[in-house]
Amino acid sequence: MKTSTRSAPNPTSPVQEVVCDDCYSNLLKAENTFTCDSVVSASKKWDPVQEGTGETDANGNEIQEYVDYDAVGPITGKVNIKDISNNYYRDYQTFFARGGVKCTEESAKAYQTKIGADGSGTSEHATPYSQILFYRSQLLSEIAQSLDQENSIDTVAQDYQIAWSCGGLCQEIGSQSINNSCRPVYATELIFGLQDEANYYSSLDSSPTTFPSQILTNIQSYYANNCSSPYGCYSSRSKGKTFSPLSKNIYALMFDQFNYIPKGNVNTKVAVTNYNCTDSNGNPSCPVVKYVNRPLPNAASANANQNLSFLIYDTQPSLPNPSYCDNVQINTQAIDHTPDTDLPLSAAFFKRVLAGNSLEKKIDFKLTSTVNSQGLDNAKIAEMAFFNLIPYSQTELLKDKAFSSTSDQNTPPDVGFRAESAYKQVQSLLNPYSLF
């Protein structure tokens, strides 16, 4: 694989849960990836060819005859990788990582107790508070390191926007009061605003300290607009916005609400093998691989190191057939989309066609999708978690579902089809009647 670089999907998926266009992680280090090969085809037909003989018939018309000729490529086609093939990533984020931060204590309390999709995520309600403190500090640490432009640190967690600051006053994401004078408040600003507080836990049973000095130094430089620092600077990222801090009380309120499971997009790669020449038998040769980024909206939470504290999954076997490549089902219910991307198929071809004959040639092209293997492992864990929350009779029916799915427009499979189906059952059991 070629080295990947972090950049935003362009355009971003038009869904509210994708919280910013630069919340984008590649997460495709060679030692932590899984690939799935499939085949797509393109074909071309050559009809019989006639040429004039130089002689004419009784009516003066030139006599035509079939001749040998060269069938020469390229044989071309395309495959579109636009559609996401199930709603696992969206549902997983809604269940575990949903919610933003509120700007007043009253709205924060109301948000914490809401059951609807705009309320606090299930992860916060299902995890002991002492563990939340640890996971939250670890997430913020990863978010800070994702900004590092010199050491090429790539994490699932990205520095996404959590609020607005308008004239020094906090405004929530989606507020109607946002104007050009407002600046974005990113997750790393919590580290900056509470830099003197003991909010960092190195392990579940450790005592809290301030964040590691290297992280604090780089975060201070970032918000001081020292653009030569490893993390870059706030002003450049925020398109020239000037940084001025909020009050410490506001930062503390935001920190207490901050969900410890990340939000954002995760990259996958799709590669197609084209052929630039022909061998001695006239068949396609000289393979050339073309890579294309395929960002998955909402996938950060499903690819992260999650703490599903209500499931002791180390002692529980996975569900049957958790095969990313083979246990796949067609699904047409996809909501989210990646940018429209056509992968061109092209193969050089040469063959001598004898007089009067036609020729149709179909070429198979290798298509390889590369994903972060953490996402596959987490999908298996998510399945078990959801299956633990629904009646046995329903789990037996769901076991026949495929582990992954694909759509008519999307050749690369996506994990989580069975997990998403189980989630729908959990959702129907947990939601009060008034929400249906």
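The values are calculated or read from the model by the stated rules, or taken from the named source; none is laboratory data. It should be emphasised that the depicted structure is a prediction, and the values quoted were computed from it without experimental measurement. All Cβ positions, glycine included, derive from the backbone under ideal geometry; neighbour counts span all protein chains shown.
Annotations
- Count of residues meeting criterion [over 30 Å from residue 121 (Cβ atoms) and either among the aromatic types (Phe, Trp, Tyr) or modelled with pLDDT of 90 or more (or both)] in the range 248-300: 18
- Set side by side, the residues 360, 396 differ, and just one is surrounded by fewer than 22 Cβ atoms within 10 Å (Cβ to Cβ), assigned to a strand (DSSP E or B) and on the phi < 0 side of the Ramachandran plot, which is 360.
- Within the range 330-357, being surrounded by 15 or more Cβ atoms within 10 Å (Cβ to Cβ) and of a type in the set (Asp, Glu) holds for one residue alone: 336.
- Some residue of the range 287-303 being closer than 30 Å to residue 412 by Cβ, more than 27 Å from the chain's Cα centre (by Cα) and surrounded by fewer than 18 Cβ atoms within 10 Å (Cβ to Cβ): yes
- Residue that is modelled with the highest pLDDT, among those in the range 92-148 that are farther than 23 Å from residue 378 by Cα and of a type in the set (Lys, Arg): 102
- Note on the range 399-426: residues that are surrounded by 13 or more Cβ atoms within 10 Å (Cβ to Cβ) and either under 30 Å from residue 291 (Cα atoms) or modelled with pLDDT under 80 (or both) amount to 18.
- Checked against (1) among the acidic types (Asp, Glu); (2) under 26 Å from the mean Cα position of the chain (by Cα); (3) surrounded by fewer than 23 Cβ atoms within 10 Å (Cβ to Cβ); (4) in a strand (DSSP E or B), residue 377 meets all criteria but (4).
- Exclusive hit being touching a residue at least 60 places away in the same chain (Cβ under 8 Å), part of a loop (DSSP other than H, G, I, E, B), surrounded by 19 or more Cβ atoms within 10 Å (Cβ to Cβ) and not small (Gly, Ala, Ser), set 269, 263: 263
- Qualifying residue in the range 162-184 (condition: closer than 19 Å to residue 239 by Cβ, among the small types (Gly, Ala, Ser), within 29 Å of the chain's Cα centre (by Cα) and assigned to a strand (DSSP E or B)): yes
- Among the residues listed as 171, 158, the single one being of a type outside the set (A, V, I, L, M), over 30 Å from residue 30 (Cα atoms), out of contact with any His (no Cβ under 8 Å at 6 or more places or on another chain) and surrounded by 13 or more Cβ atoms within 10 Å (Cβ to Cβ): 171
- The number of residues in the range 193-203 being loosely packed, with under 13 Cβ neighbours inside 10 Å and farther than 22 Å from residue 163 by Cβ comes to 2.
- The range 56-140 holds helices (runs of 4 or more DSSP H) entirely within its bounds, and those carrying 1 or more residues that are loosely packed, with under 13 Cβ neighbours inside 10 Å and not assigned by TED's automatic domain parsing to the domain that holds residue 44 map to 105-113, 122-126.
- For the range 399-425, the set of residues classified as in a loop (DSSP other than H, G, I, E, B) and either out of contact with any strand residue (DSSP E or B) (no Cβ under 6 Å at 6 or more places or on another chain) or aromatic (Phe, Trp, Tyr) (or both) consists of 399, 400, 401, 403, 408, 416, listed by residue number.
- Checking the range 200-219 against the condition returns a match, with at least one residue being among the β-branched types (Val, Ile, Thr), farther than 30 Å from residue 292 by Cα and part of a strand (DSSP E or B).
- Screening 236, 221, 181 for residues that are without any contact (Cβ under 8 Å) to a residue 12 or more places away in the chain, in the same structural domain as residue 108 (by TED's automatic domain parsing) and of a type outside the set (Asp, Glu) leaves exactly one candidate, 236.
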